[in-house]
Every structure is written in structure tokens, then in C-alpha cells.
Amino acid sequence: MTRPSFTAAGSLIVALLVLSPIFVLFLLGWGAELDATADVTRLLINTVGLALATVVGSVLIGVPLAIATAHCRLPFRGIWLAVLVAPLAIPSYIGAFTYFAAFGQGGLLAEAIGEPLFNIEGPLGTALVMTLYTYPLVLLTTRASLRQLDGRMVEAARCLGASLSETLWRVVIPRVRSGIAAGALLAALYSMSDFATPAILGFDTFTRVIYVEYNAFGLDRAALLSLHLLGIIAVVLLLESRVSVDRESGHRAFEMELNTVSRSLLQILMSLVLLASIGLPAWVFGAWLLDEGATGVSLSLIWNTTYPALLAAAVTVVAALPVAMYATRGGAGRWLERISTLGYGVPGIVMGTALLYVGLRLDWFYQTVALLVLGHVLRFLPLAVGPIRNAFGRTDKNLVAAARGLGASPWEAFQRVSLPLLVPAAISGGALVFLEVMRELPLTLLLRPTGLETLTTELWQVFEAGYFGRAAIPGLLLIAISSIGVVLMMRGERQQVSGGAS
Amino acid sequence: MDRRSLLRALVTVPAVCALPGASYAQGPEASEAVAGGPVSVTSLPKLKGKLTLYLGRGEGGLYEKILESIQRRNPDFELRIRRGPSTALANTLVAESRFGKPRADVFWSIDASSLGLVVEAVEPPALDDELIALLKPEYRYERWLPISGRFRTLAYNPNSVNLSELPDSIMTLPDEDLRFGWAPAYGAFQSFVTAMRLLEGDDATGAWLESLKARSKSYAGELNVVMGTSQGESDIGFANHYYTLRLLQGRPDTPLGLAFTRGDAGCLLNASGTVILKPSTRARDFVRHLMTNEVQGYLAREAFEVPLLEGVPNPKGLPPLASLQPPRVDLEKLADVRPTLSLLRQTGVL
């Protein structure tokens with residue numbers, strides 16, 4: 001299995017699949033003429049600026065929270081982690097809309113405190129809201145890397161007299177750079193491809209022109225503009241230098257015992273992040289709910305939301321394995337991995353339309369759950385590839401060599417040595433995909449079978465019709481399901497740890 | 001009017017209809033026979049079998065109520081609904097047609113430009129005369145059926161504008177010393193500018209945009225435009241008629257009025273409508289249901305939509321239709337948004 005030919009072939013197939021909708025974009029955008037007056041330069045600056053601000057914000061929040069949830073002794077650590085990751089299940093347009101409704105003169109919050117408030121809008125507001133809904137990406141990828149660290153290095157640093165903060169800064173963080181980078185890259189890509197948040201908060205980014213063109217029936221120009229956006233994303237991927245991955249043989253976990261003051265401070269910090277990302281939307285929903293009353297949600301909605309997301313998560317992890325493994329060999333593997341990332345940067349509505357054309361070529365495939373799942377896989381592949389590649393890069397090749405030397409076949413070595421070492425990363429990657437798929441909207445709207453309604457499409461419908469209160473129950477359900485997903489992920493990790501110890 | 005009460009005003013209408021019982025007391029099933037008006041739903045044959053409807057949403061909550069009660073009346077009828085934004089569904093229909101794999105029987109869109117695009121790309125068969133004859137003569141189209149209308153209006157703030165001093169031509173509006181509110185990225189505004197291009201030409205439209213630009217505040221949507229006018233941020237807001245009527249319904253004391261120009265794009269009557277993509281008796285009968293007295297009365301009453309057939313009462317708060325003079329515009333041509341976008345960008349409005 002670790003033979004290059006095998007992983008190379010798998011990786012190549014996945015990359016070709018990712019390229020197929022992009023190829024459709026070329027066909028759709030062929031011959032389109034762009035309006036010279038569309039102020040592309042300004043949009044480019046805005047888009048890149050937003051991506052940078054989002055990266056800075058999500059790293060500043062995500063990395064400390066990753067360290068806290070991975071290595072600090074905290075009461076209810078598992079629950080903290082579950083709720084801290086839950087913002088990933090909140091559709092960003094809901095987050096943005098609740099901020100729009102809560103702040104500003106006459107906003108809900110201003111009314112509650114009886115003072116006129118500033119607006120959350122423009123570049124700063126967009127970056128803030130974007131950060132609040134992307135930091136979990138950094139949190140999860142960083143945490144997955146942290147858990148692979150050898151605790152003895154930390155102990156050594158401490159024994160040699162380094163303070164805790166010095167140890168974190170000089171020993172721990174440099175060794176999880178690739179995990180941080182993977183999460184930051186995802187946050188950047190997300191911020192560049194999401195159009196709802198900038199649109200609601202009034203900030204002009206590249207996706208806005210794409211959306212205006214799409215709505216003006218300029219599918220060809222929307223496709224061409226998406227290719228421009230892909231160009232920017234390709235540059236970002238190039239800039240992402242090859243962060244070297246340190247290999248560590250030992251995996252002794254380390255725990256940090258915090259004193260009461262720093263533990264309290266940490267918990268206050270985590271509460272603030274939660275208040276901003278989940279508390280405020282939940283409170284706004286609550287206010288609407290009181291105004292209007294709720295209506296029930298059918299069980300079929302929950303099932304329709306969960307099973308395509310689970311399928312997509314599973315298929316994505318399987319597709320990510322060869323890509324991640326081949327990527328650690330460098331060269332062509334790294335290129336194929338970068339190609340597999342491109343789908344994440346195509347705005348959902350454009351990706352959905354492109355896949356619609358792919359689906360229409362194959363009648364049996366069109367408007368089926370299979371096409372919907374494929375769409376999610378192609379779009380969210382990097383969420384799984386990143387963590388798995390990092391984990392794989394860190395596993396000791398000597399272990400595989402030893403297994404082979406002892407007579408194991410490549411498949412057996414993969415199954416008994418490599419795979420168990422990859423399980424935590426695969427689970428966390430899969431969980432990321434699961435959470436993102438649940439909140440995804442445009443792709444689902446375009447590719448689902450007719451009549452398949454999910455919690456997200458339900459949210460969209462009630463919002464569109466102005467029944468804000470009715471958005472509360474599906475919104476809270478999304479958060480609940482995602483929390484369950486994170487708890488399951490934690491259990492998987494724990495089993496892995498205890499299994500490894502035995 | 002603050003943001004919260006705007007939100008409340010917007011949800012008041014659907015919230016009332018959403019109450020179980022209330023929706024049926026005054027819902028589309030309540031029959032109000034109007035002499036000489038459209039037929040009652042009871043006179044139509046029962047619907048049977050399966051029908052796939054692509055529903056391009058907008059005032060979606062109310063359309064949903066209508067579809068629910070049609071389902072309830074016709075237990076043997078299975079309606080498979082694909083909901084989505086109008087443009088996305090129009091693009092889907094064009095793609096399906098290009099590959100010869102149509103899935104939808106009927107497309108119901110709130111947006112005439114989406115319908116125009118589909119009609120042009122899909123070329124559905126012509127509707128029969130009996131169906132077309134349901135509509136007033138000026139709203140008859142060969143390949144799609146308008147369901148209800150919406151007027152372009154000038155929302156004005158009576159505290160700063162005297163209605164009698166407003167010009168009745170949209171083209172002389174720039175001569176007035178007024179501040180304006182508009183939503184250039186919004187589809188309804190773009191349709192209005194497209195209509196102006198069709199009626200007055202690109203140069204005049206460009207000059208019009210140019211001269212208003214410095215005095216106009218941009219908003220994300222036309223709800224915000226109307227709200228801005230009522231708050232005194234502008235004297236005149238360019239918006240569809242129902243935003244004003246719904247705001248006034250939620251808060252009758254809001255300083256807001258409706259003004260109409262005459263015979264130009266300023267009082268364009270745009271329409272929602274249906275395209276029958278796969279002709280069948282079932283599809284035809286389904287569309288007939290939307291043209292009944294019950295459904296039309298419900299749309300006018302609850303959504304403030306303008307009836308396009310004789311004998312349905314006008315929405316409350318709208319002047320008598322006979323007193324209004326919408327321009328003659330081929331609504332299908334509103335799909336030609338491209339030059340409008342160029343113009344909006346050239347003038348720096350978008």
C-alpha cells in the first residue's frame with residue numbers, strides 16, 4: 001500500500017476528479033468577456049486582505065484554544081472542545097445576519113441595553129465574523145498535530161529551565177507549524193470563497209462580483225471570474241511554503257497543570273469566544289422565537305441532514321488517504337495535493353453549477369445523493385487531507401520498514417502500522433468535513449435530489465420568507481448534531497490512545 | 001422605524017398566516033365569489049398524479065401556503081417541489097434543456113427576468129388561448145403565464161416631500177432638489193434600469209444614473225431603501241410597492257407614502273409567473289389553480305401582489321389600477337441584464 005505506484009494512482013484519480021468541475025468552468029467561461037469597468041483590482045485587494053485578517057484572527061483564537069483543549073487540565077475539557085468546535089456547524093450567513101440584526105442603531109442588542117450601538121459591518125466586521133466561524137478549523141488541525149507531539153521534549157525544556165510560556169513558544173508551537181498552517185490555509189480559502197458573510201456585512205470581495213454576475217444570468221462570466229479567484233488561490237497555495245514536518249518517535253502525552261488564576265483566565269477567554277460565536281446568535285434566535293413562536297422540525301429533516309454528511313465525511317477520508325500519503329513523498333505528490341485543495345476555493349454556487357453539468361452528462365447520476373456527496377467530497381477534500389498528511393508525515397518510516405523486515409506485506413504493514421497511527425487525524429479530518437457539509441447551502445440547493453430538504457435548506461427557506469423565529473429550532477439542532485459529532489470524535493481519540501497503550 | 005421594528009414589520013404578514021387555523025380562515029381556500037371574476041377552485045377538475053415544480057422563491061412563505069392548500073384539496077396529487085433561488089433554478093433549467101434532460105413540469109418564479117431567460121433558452125411550447133385569455137390583454141404572453149404583478153414606485157417621506165410637487169416623469173426627477181435611496185445590486189432595481197434602457201435608450205439612462213449618483217445612498221436591498229426613507233436618510237426611495245405597504249401594515253404611523261410616475265420605467269409593472277416546461281393536462285390544471293379567485297385574492301390580500309386578471313380586488317393601500325399608467329414593456333426582455341450591469345458600473349453606481 002505504501003508503494004508509490006498505488007498511492008500515486010489514487011492521488012492522481014482524486015486530483016482528476018477535483019479538476020473535472022474546474023474543467024467545466026473553463027468550458028462555461030470560454031469566450032466570456034469581462035467588464036473592464038468591474039473594479040477587479042480593488043476586489044482583489046479586499047479579498048486578499050480579508051483572507052489575511054481571517055488567518056490572523058483564527059490563528060490568534062484557534063491555537064491557544066487548541067493547546068488548552070489538548071494539554072491543559074480543565075474541568076469538562078471534552079465538553080469545552082465540543083462547544084468550541086460547534087461554530088463550524090453554524091451557516092456563516094446565519095452568523096452574519098444575527099450580527100447585522102443585533103448591532104447598530106436600533107439593533108436587538110442596542111435595544112436590550114438601551115444605548116445606541118456601533119454597527120458590525122465593513123472590512124473589520126466581516127473579518128471579525130469570518131474569524132468567529134473559521135477559528136475551529138485552526139483549532140482542530142492544530143490540536144490534531146499537538147496530540148502527536150512527544151511530551152518528553154516539553155519535559156526536557158522545562159527541566160532545562162524554560163518557563164511554560166517559553167516552552168510553548170519555542171518548543172511546542174514550532175513543532176505544530178504544519179498543523180497551524182493547514183488550518184490557517186483552510187480559513188483563508190473559506191474566507192475567499194464565502195459570499196454570504198461579506199454580502200450581508202457590506203464588504204466588496206471577489207465573490208460578490210461572481211454573485212452579481214450569476215444573478216444577472218452571466219453564468220459564463222461567473223465561471224470566468226471563479227477561474228480568476230482560483231488563480232489567486234493557486235498563488236496562495238504556492239506561497240504556502242513546504243513546512244518541514246518533524247518526525248517524532250515517542251508519543252508520550254503531556255499535560256499542563258495550570259494554577260487557579262490562569263485556569264480561570266483561560267475559561268473566561270473560552271467563554272468569551274463562545275459568547276461571540278454561539279451565544280449571540282442563540283440569543284438573537286431566542287428573541288425571535290419569543291416574538292413568533294416555534295414550529296416543529298420533522299425527524300426526516302435531521303436524517304436528511306445527517307446521512308449525506310456522514311457519507312461525505314467517510315468518502316472524503318477514503319479519498320484523502322492516497323492524496324495525503326503520496327504528498328508526504330514530496331514532488332508530484334505535493335502538486336497533486338495542492339490540486340486537490342482547489343475545490344475548496346470555488347464558491348459553492350459555481351461549483352454546484354459546474355457539477356450540475358457533470359451530472360447531466362450521466363443521467364443516472366443527476367439529482368441523486370451520490371452526486372451531492374461527490375460535490376461535498378470535491379469541495380471539502382482538503383479538510384481531511386491536511387490533518388492526515390501531517391499525521392502521516394510525522395509517523396516514523398522505520399516502523400513500516402521494521403514491519404516489512406519482519407515479513408509483513410505492504411498491505412499488512414499499512415493496516416497494522418500506518419493506519420492505526422493515522423486514525424486520530426482521519427477522525428478529526430472526517431469530523432471537519434461532516435461539520436462543514438452540514439452547514440453548506442448553495443451546493444446542497446443545486447445538487448440534492450428534488451424534495452430532499454435538510455436543516456440548512458429549511459433555515460434558508462424560513463429566512464427567505466422572513467420567519468426568523470422558525471430558524472431557531474433548526475439552527476439549534478444543527479449545533480446539537482455537530483456537538484455530538486465532536487464528542488464522538490473525542491471518544492475515537494481516547495480509544496486510540498488506550499488502544500495504543502495496550 | 002428602527003431595525004428591529006423593520007424586522008418585525010416584515011415578519012408580521014407571514015406570522016399571521018402561519019397560525020394554524022388562521023391560514024385556513026383567510027387562506028387561499030376561503031372562497032370569495034366575485035361576479036365576473038376568475039373561476040373558483042371548486043370548478044376545476046381535481047388534480048391527480050405527480051408533478052415536479054421548480055419554485056424560485058421570494059415571497060416564499062406565502063407561496064408555500066398556497067401549494068399546501070392545493071395539496072390538501074387534491075389528495076391524489078403529488079407535488080414534488082424543488083426550491084431554490086430563482087436564478088439558480090433558471091440556470092439549472094437551461095442546463096437541463098441543453099442536455100435534453102428536462103426534469104421540471106412547471107417553473108414558478110417571482111422574477112420575470114428568470115422566466116424570460118428560461119423561455120428564451122428552453123423554448124417551451126405556446127400556451128393555449130384559453131389560458132392566455134384569463135389575463136388582461138396587456139399582460140398576455142405566448143410562452144409564459146404571469147401570475148401576479150408588482151409596481152416600481154417612489155417611496156417618499158411626507159415630512160420632507162410634498163406629493164403634489166413630485167414630477168410625474170421619472171426622467172425629470174434629477175431636476176428636483178432631493179436626496180435618493182436605491183439598491184443597485186438588487187434584482188428588482190436592475191430590472192427597473194433595464195426597463196428604462198428599453199424605453200429611453202442607454203444614453204439617457206446613463207445620464208439619469210450619473211445625475212442621481214451624487215445624491216443617492218446605496219443599500220443592500222429594497223427593504224433597507226424604504227426603511228432609510230422613513231428614517232429621513234433619503235427623501236425618495238426606489239423600491240417595489242409592497243415593501244412600503246408591508247411596512248405601513250406593521251406600523252401604520254410610519255412616515256412613508258407611495259408615489260407613481262406615469263407611463264415610464266418609474267412605474268413599471270413587473271410580474272411573477274409560470275412556465276410550463278412539459279405540457280400536460282396536469283401541468284395546465286395546476287397552473288389554472290394559481291389563477292383562481294381564491295389564490296389570486298390571497299396573493300393580493302396577504303402579499304400585496306397586483307392581480308393581473310379582471311375581478312380580483314386590488315391590494316389595500318394601492319391606488320385604483322385604472323388610475324395608474326405602467327409603461328408598455330415586454331417583460332421577457334428584462335432578462336437582458338448584461339448591458340444594465342455595464343451601465344451601472346460605467347456610471348460607478350454599482
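The values are calculated or read from the model by the stated rules, or taken from the named source; none is laboratory data. What you see is a predicted model; the values in this text were computed from it and never measured. Cβ placement follows ideal geometry from the backbone for every residue including glycine, while neighbour counts extend to all protein chains displayed.
In summary, A:A112 fulfils each of the numbered conditions (1) at pLDDT below 80; (2) farther than 24 Å from A:E436 by Cα with the single exception of condition (1).
Checking each residue in segment B:93-119 for being in contact with an Asp or Glu (Cβ under 7 Å, 6 or more places away or on another chain) and not aliphatic (A, V, I, L, M) picks out B:K101, B:P102, B:R103, B:G116. Within the set B:G297, B:G311, B:G317, the sole residue that is more than 14 Å from chain A (Cβ to nearest Cβ), small (G, A, S), surrounded by fewer than 20 Cβ atoms within 10 Å (Cβ to Cβ) and under 17 Å from the mean Cα position of the chain (by Cα) turns out to be B:G317.
Among the residues making up segment B:136-150, those that are surrounded by fewer than 22 Cβ atoms within 10 Å (Cβ to Cβ) and touching a helix residue (DSSP H, G or I) at 6+ places or on another chain (Cβ under 8 Å) are B:R140, B:Y141, B:E142, B:R143. Checked against the criterion of being over 26 Å from A:R361 (Cβ atoms) and within 13 Å of chain A (Cβ to nearest Cβ), segment B:116-127 has at least one qualifying residue.
With respect to the conditions (1) at pLDDT below 85; (2) under 30 Å from B:V106 (Cβ atoms), B:P307 falls short on a single one, namely (1). Residues of segment B:92-115 that are within 10 Å of another protein chain (Cβ to nearest Cβ), outside any helix (DSSP H, G or I) and out of contact with any strand residue (DSSP E or B) (no Cβ under 9 Å at 6 or more places or on another chain): B:F99, B:G100, B:K101.
Scanning segment A:366-378 for residues that are farther than 14 Å from A:V24 by Cβ and part of a helix (DSSP H, G or I) gives A:V369, A:A370, A:L372, A:V373, A:H376, A:V377. Being within 14 Å of another protein chain (Cβ to nearest Cβ), within 30 Å of A:L219 (Cβ to Cβ) and either of a type in the set (G, A, S) or part of a helix (DSSP H, G or I) (or both) holds for only one residue in A:T316, A:T353, A:T305, and it is A:T353.
Filtering segment A:31-70 to residues that are modelled with pLDDT under 85 and surrounded by fewer than 20 Cβ atoms within 10 Å (Cβ to Cβ) leaves A:G31, A:A32, A:E33, A:L34, A:D35, A:A36, A:T37, A:A38, A:D39, A:V40, A:T41, A:R42. Of B:L178, B:L209, all but one fail to be modelled with pLDDT of 90 or more and within 14 Å of chain A (Cβ to nearest Cβ); the exception is B:L209. State yes or no: is A:A110 out of contact with any helix residue (DSSP H, G or I) (no Cβ under 7 Å at 6 or more places or on another chain) and within 14 Å of chain B (Cβ to nearest Cβ)? When the stated conditions are applied, A:A110 passes them. Taking segment A:197-226 as the range and being within 12 Å of another protein chain (Cβ to nearest Cβ), assigned to a loop (DSSP other than H, G, I, E, B) and either touching a residue at least 40 places away in the same chain (Cβ under 8 Å) or under 12 Å from A:I349 (Cβ atoms) (or both) as the test, the residues that pass are A:G202, A:F203, A:D204, A:G218. Every condition in (1) among the acidic types (D, E); (2) under 18 Å from B:R301 (Cα atoms); (3) modelled with pLDDT of 85 or more holds for B:D76 except the one numbered (2).
Looking at B:A239, B:A195, B:A204, just one residue is away from chain A (no Cβ under 14 Å), among the hydrophobic types (A, V, I, L, M, F, W, C), closer than 25 Å to B:L341 by Cβ and assigned to a strand (DSSP E or B), and that residue is B:A239. Only residues that are facing chain A (nearest Cβ under 10 Å), of a type outside the set (A, V, I, L, M) and in a helix (DSSP H, G or I) were counted in segment B:39-64, giving 4.
Give the residue, chosen from A:A480, A:A501, that is under 22 Å from A:R143 (Cβ atoms) and modelled with pLDDT of 80 or more. Only one candidate passes the filter, namely A:A480.
Considering segment B:171-186, and only residues there that are more than 20 Å from the chain's Cα centre (by Cα) and either hydroxyl-bearing (S, T, Y) or assigned to a helix (DSSP H, G or I) (or both), the residue that is farthest from B:D264 (Cα to Cα) turns out to be B:D175. Of the candidates A:V176, A:V154, A:V129, A:V138, the single residue that is away from chain B (no Cβ under 14 Å) and either surrounded by fewer than 20 Cβ atoms within 10 Å (Cβ to Cβ) or over 19 Å from A:I61 (Cα atoms) (or both) is A:V154. B:P167 meets the stated requirement of being farther than 30 Å from B:A88 by Cβ and part of a loop (DSSP other than H, G, I, E, B). Answer with yes or no whether A:P75 is farther than 13 Å from A:S277 by Cα, free of Cβ contacts under 8 Å to residues at least 40 places away in the same chain and either under 22 Å from the mean Cα position of the chain (by Cα) or outside any helix (DSSP H, G or I) (or both). So A:P75 fits the description; yes. Screening A:G469 with (1) surrounded by 19 or more Cβ atoms within 10 Å (Cβ to Cβ); (2) of a type outside the set (V, I, T); (3) modelled with pLDDT of 80 or more gives one miss only, at (3).
Quick check on my filter: what residues within segment B:252-262 are at pLDDT below 90 and either of a type in the set (S, T, N, Q) or crowded, with 17+ Cβ neighbours inside 10 Å (or both)?
Within segment B:252-262, B:T254 is the sole residue that qualifies.
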